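Written below as structure tokens is the structure these notes are about.
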Amino acid sequence: MEPREQFSESFPRVCTAIMATNTHTILQEMKVMTELSGDLFEWRADFFERHFDPSQIQHVLKEMKKTARKREIIFALRSIDQGGHCALKDDDLKHEIFQAVIDSNCADYIELELEPEPFSPWKKDILQQIKASGHKAIIAAYNYENTPGAEEITSLVRRCETTGADIPKIAVMTHDRRDILSLLQGILKLEEIYGKRDRIVVGMGREGNISRVAPWLFGSFLTFASSITTSMPGQINPNDLTLIMSHLHTER
């Protein structure tokens, strides 16, 4: 996908994470959330009790697609090392799982983690297949402890981009205003050197709320809202988030 210049000037898309543990609750939660504002669902499959079973992953995705009411779906299987719940170490099994996701043709975006670098053979193969299949690859890096300095933020996003990602993503934990400044400076430097394109940038934590309600300031075309079963630090109800963004965006 070609980078879209000035994309952050458009109204941001709202994504709701689905983090339930079983098929019934996943689908019930989606049905409720489709009545609220939003554009996409992110399925955090690492919370799913059968996330180690490729056939079950594929089955749930197919049911989610029926329930999503034309909203797009992001598939994410976040590892423990990146703040998630997936402890799988078997590369062959991970390959099978992501192959099942691609074959389902139900995930519009498929997230792969940047770490560990360089990419293992299974991840390189999956990335190539995602792009060949017409889906979009998100390459993501997470830091649930702190916010790196501005230079490291620039470097981190760029490393995601140079993998061949359609969408680079970073999410970092903020603790004070200096962290917000570092995140903003890092993204501004990135845009000055490499230009604007579709990116996802999230500042987690209370101080990071500014990145959720005004994602365009951070060059992010997408922001995350809270859901029912769980909510990540700093997330806001999708209706409230859309209303806040509408007021802020129209004043620009």
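List the number of the failed condition for V202; all other conditions in (1) in contact with an Asp or Glu (Cβ under 9 Å, 6 or more places away or on another chain); (2) under 17 Å from E42 (Cα atoms) hold.
With (1) in contact with an Asp or Glu (Cβ under 9 Å, 6 or more places away or on another chain); (2) under 17 Å from E42 (Cα atoms) applied to V202, the lone miss is (1).
Working carefully through the options F41, F48, F75, find the one that is farther than 20 Å from K136 by Cβ, of a type outside the set (D, E, K, R) and open to solvent by less than 10 Å² (accessible area, probe 1.4 Å).
That would be F48, the only listed residue that is farther than 20 Å from K136 by Cβ, of a type outside the set (D, E, K, R) and open to solvent by less than 10 Å² (accessible area, probe 1.4 Å).
Filter segment 162-207 down to residues that are among the basic types (K, R) and over 28 Å from I110 (Cβ atoms) and give me whichever is most open to solvent (accessible area, probe 1.4 Å).
Checking each candidate, the answer is R177.
Scan segment 86-93 and give yes if some residue there is more than 18 Å from I18 (Cα to Cα) and crowded, with 17+ Cβ neighbours inside 10 Å, otherwise no.
no
With the condition kept exactly as written, say whether any residue in segment 136-159 is assigned to a strand (DSSP E or B), out of contact with any Pro (no Cβ under 9 Å at 6 or more places or on another chain), open to solvent by 10 Å² or more (accessible area, probe 1.4 Å) and of a type in the set (D, E, K, R).
yes
The values are calculated or read from the model by the stated rules, or taken from the named source; none is laboratory data. Given the structure is predicted, the values throughout are model-derived calculations rather than measurements. Counting neighbours? That spans all protein chains shown, and the Cβs are built from the backbone with ideal geometry, glycine included. For accessibility, only protein heavy atoms count, side chains too; no ligands or nucleic acids. Shrake-Rupley method; radii C 1.70, N 1.55, O 1.52, S 1.80 Å.
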